[in-house]
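The values are calculated or read from the model by the stated rules, or taken from the named source; none is laboratory data. Fair warning: this is a prediction, and the values are worked out from it, not measured in the lab. Methodologically, a virtual Cβ is constructed for each residue, glycine included, from the backbone with ideal geometry; neighbour enumeration extends over all protein chains shown. Ligands, DNA and RNA are excluded from the accessible area calculation, which covers all protein heavy atoms including side chains. Shrake-Rupley method; radii C 1.70, N 1.55, O 1.52, S 1.80 Å.
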Amino acid sequence: MTFSICVREESDEGTTFGVAVSTDAPAVGALAPCISHDGVISTQSFVNVRLGRRGIALLPDIAVNDALEGLLTQDDHSELRQVHGLDARGNAFAYSGDGCDGWFGHRVHEERDLTVAGNMLVGEETLDALAETFVGSEGEDDLVSRLIGALAAGKEASGDKRGHTSAAVMVKAPQTMAHHDLRVDAHDEPIAELKRVYETAKEASEGFSESSKERIFD
């Protein structure tokens with residue numbers, strides 16, 4: 001039901017994580033993406049939200065692959081799950097159970113610090129478009145915009161074979177901004193609408209960050 005991308009970026013300020021996801025079901029942002037300063041996870045297919053939430057909670061202590069492999073062994077229906085992500089230690093992990101609906105698959109691009117995964121897709125070209133578009137946009141804009149651009153490319157490359165209803169993007173950076181956590185829960189063109197919401201939110205929140213106005217985001 002979903003295609004998604006998880007990324008990790010390093011800078012002089014520290015580590016930044018990002019995730020973007022779209023699907024043909026309402027409110028994907030409430031289910032699939034999970035993020036913290038320790039890592040990022042997307043849980044999808046027949047969703048088990050505990051894989052994301054508990055996985056993220058474990059990342060201060062163990063690697064993302066150890067966390068998710070351990071949680072999957074405790075899941076009686078692990079063959080129906082798809083989950084992927086990265087942590088602050090440089091580890092990456094992706095899993096697609098045999099019971100996921102086709103076309104399904106995942107990619108781990110460790111040299112690019114990103115993972116992609118999808119199910120119920122027309123084909124693997126969606127995942128290739130996600131990764132290639134994101135990598136190709138390096139230096140062009142901020143991370144939220146690049147992630148939304150990757151979603152748009154995935155959609156153009158076929159995406160979810162049933163269409164698209166919802167989309168979400170999350171970023172966890174050394175300095176949090178209000179436009180780092182956005183979602184469109186039900187829309188005929190959710191990715192285009194997510195881009196509009198991002199542009200509106202970014203413009204409205206210019207100058208309002210954790211380091212200004214005594215704001216606390218997390």
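Which of the residues that make up segment 46-75 are small (G, A, S) and open to solvent by less than 10 Å² (accessible area, probe 1.4 Å)? I'd like the intermediate steps shown before the answer.
Step one: of segment 46-75, the residues small (G, A, S) are 52, 55, 57, 63, 67, 70.
Within segment 46-75, G52, G55, A67 qualify.
Considering segment 110-132 alone, what residues qualify as being in a helix (DSSP H, G or I) and touching a Phe, Trp or Tyr at 6+ places or on another chain (Cβ under 9 Å)?
R112, T126, L127, L130
For segment 10-36, give me each residue that is open to solvent by 50 Å² or more (accessible area, probe 1.4 Å), over 14 Å from the mean Cα position of the chain (by Cα) and not charged (D, E, K, R).
Initial filter on segment 10-36 (open to solvent by 50 Å² or more (accessible area, probe 1.4 Å)): 10-13, 26, 31.
Subsequent filtering for residues that are over 14 Å from the mean Cα position of the chain (by Cα) retains 10-13, 26.
Within segment 10-36, S11, P26 qualify.
Being surrounded by fewer than 17 Cβ atoms within 10 Å (Cβ to Cβ) and closer than 22 Å to F17 by Cα is the filter here, so list the residues in segment 76-93 that pass it.
R89, G90 - these are the residues of segment 76-93 that are surrounded by fewer than 17 Cβ atoms within 10 Å (Cβ to Cβ) and closer than 22 Å to F17 by Cα.
I'd like to verify a number: residues in segment 114-129 that are open to solvent by 10 Å² or more (accessible area, probe 1.4 Å) and either more than 16 Å from C100 (Cβ to Cβ) or β-branched (V, I, T) (or both), how many?
Of all residues in segment 114-129, those open to solvent by 10 Å² or more (accessible area, probe 1.4 Å) come to 120, 122, 124-125, 128-129.
Within this subset, residues satisfying the condition of being either more than 16 Å from C100 (Cβ to Cβ) or β-branched (V, I, T) (or both) are 122, 125, 128-129.
Residues flagged as open to solvent by 10 Å² or more (accessible area, probe 1.4 Å) and either more than 16 Å from C100 (Cβ to Cβ) or β-branched (V, I, T) (or both) within segment 114-129 amount to 4.
Applying the selection to segment 1-46, what residues are charged (D, E, K, R) and out of contact with any helix residue (DSSP H, G or I) (no Cβ under 9 Å at 6 or more places or on another chain)?
The initial filter retains those residues of segment 1-46 that are charged (D, E, K, R), namely 8-10, 12-13, 24, 38.
Correct list: R8, E10, D12, E13, D24.
Quick one: is A153 part of a helix (DSSP H, G or I), open to solvent by less than 50 Å² (accessible area, probe 1.4 Å) and of a type in the set (G, A, S)?
Numbers: part of a helix (DSSP H, G or I): yes; open to solvent by less than 50 Å² (accessible area, probe 1.4 Å): yes; of a type in the set (G, A, S): yes.
Judged against the criteria, A153 is a match.
I'm trying to understand the selection: among the residues of segment 156-170, which are open to solvent by less than 20 Å² (accessible area, probe 1.4 Å) and either part of a helix (DSSP H, G or I) or more than 14 Å from E189 (Cα to Cα) (or both)? Spell out the reasoning first.
Our first condition is that a residue be open to solvent by less than 20 Å² (accessible area, probe 1.4 Å); within segment 156-170, this holds for 159-160, 166-169.
The one that is open to solvent by less than 20 Å² (accessible area, probe 1.4 Å) and either part of a helix (DSSP H, G or I) or more than 14 Å from E189 (Cα to Cα) (or both): V169.
Tally the residues that are in a helix (DSSP H, G or I) and surrounded by fewer than 18 Cβ atoms within 10 Å (Cβ to Cβ), restricting the search to segment 133-147. Write out each step before concluding.
From segment 133-147, those in a helix (DSSP H, G or I) are 133-136, 143-147; that's our starting set.
Restricting the remaining residues to those that are surrounded by fewer than 18 Cβ atoms within 10 Å (Cβ to Cβ) gives 135-136, 145.
The qualifying residues number 3.
State whether the residues of segment 94-109 include one that is in contact with a Phe, Trp or Tyr (Cβ under 8 Å, 6 or more places away or on another chain) and open to solvent by 30 Å² or more (accessible area, probe 1.4 Å).
Yes, segment 94-109 contains a residue that is in contact with a Phe, Trp or Tyr (Cβ under 8 Å, 6 or more places away or on another chain) and open to solvent by 30 Å² or more (accessible area, probe 1.4 Å).
So, in segment 171-184, how many residues would count as being part of a loop (DSSP other than H, G, I, E, B), crowded, with 16+ Cβ neighbours inside 10 Å and either touching a Gly at 6+ places or on another chain (Cβ under 9 Å) or in contact (Cβ under 8 Å) with a residue 60 or more places away in the chain (or both)? It would help to see each step written out before you state the result.
Here is the first cut: in segment 171-184, the ones part of a loop (DSSP other than H, G, I, E, B) are 173-176.
Now drop any that are not crowded, with 16+ Cβ neighbours inside 10 Å, which leaves 173, 176.
With either touching a Gly at 6+ places or on another chain (Cβ under 9 Å) or in contact (Cβ under 8 Å) with a residue 60 or more places away in the chain (or both) added as a condition, the list becomes 173.
Final tally of qualifying residues: 1.
Each row is one residue, and each column tells you yes or no for (1) in contact with a Leu (Cβ under 7 Å, 6 or more places away or on another chain); (2) of a type in the set (V, I, T); (3) within 16 Å of L182 (Cα to Cα).
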position: R8; (1), (2), (3): yes, no, no
position: G29; (1), (2), (3): no, no, yes
position: G39; (1), (2), (3): yes, no, no
position: G90; (1), (2), (3): no, no, no
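Which ones in segment 40-69 are of a type outside the set (A, V, I, L, M, F, W, C) and either free of Cβ contacts under 8 Å to residues at least 12 places away in the same chain or under 20 Å from L114 (Cα atoms) (or both)?
The first filter runs over segment 40-69 and keeps only residues of a type outside the set (A, V, I, L, M, F, W, C), leaving 42-45, 48, 50, 52-55, 60-61, 65-66, 69.
Answer for segment 40-69, where residues must be of a type outside the set (A, V, I, L, M, F, W, C) and either free of Cβ contacts under 8 Å to residues at least 12 places away in the same chain or under 20 Å from L114 (Cα atoms) (or both): S42, T43, Q44, S45, G52, R53, G55, P60, D61, N65, D66, E69.
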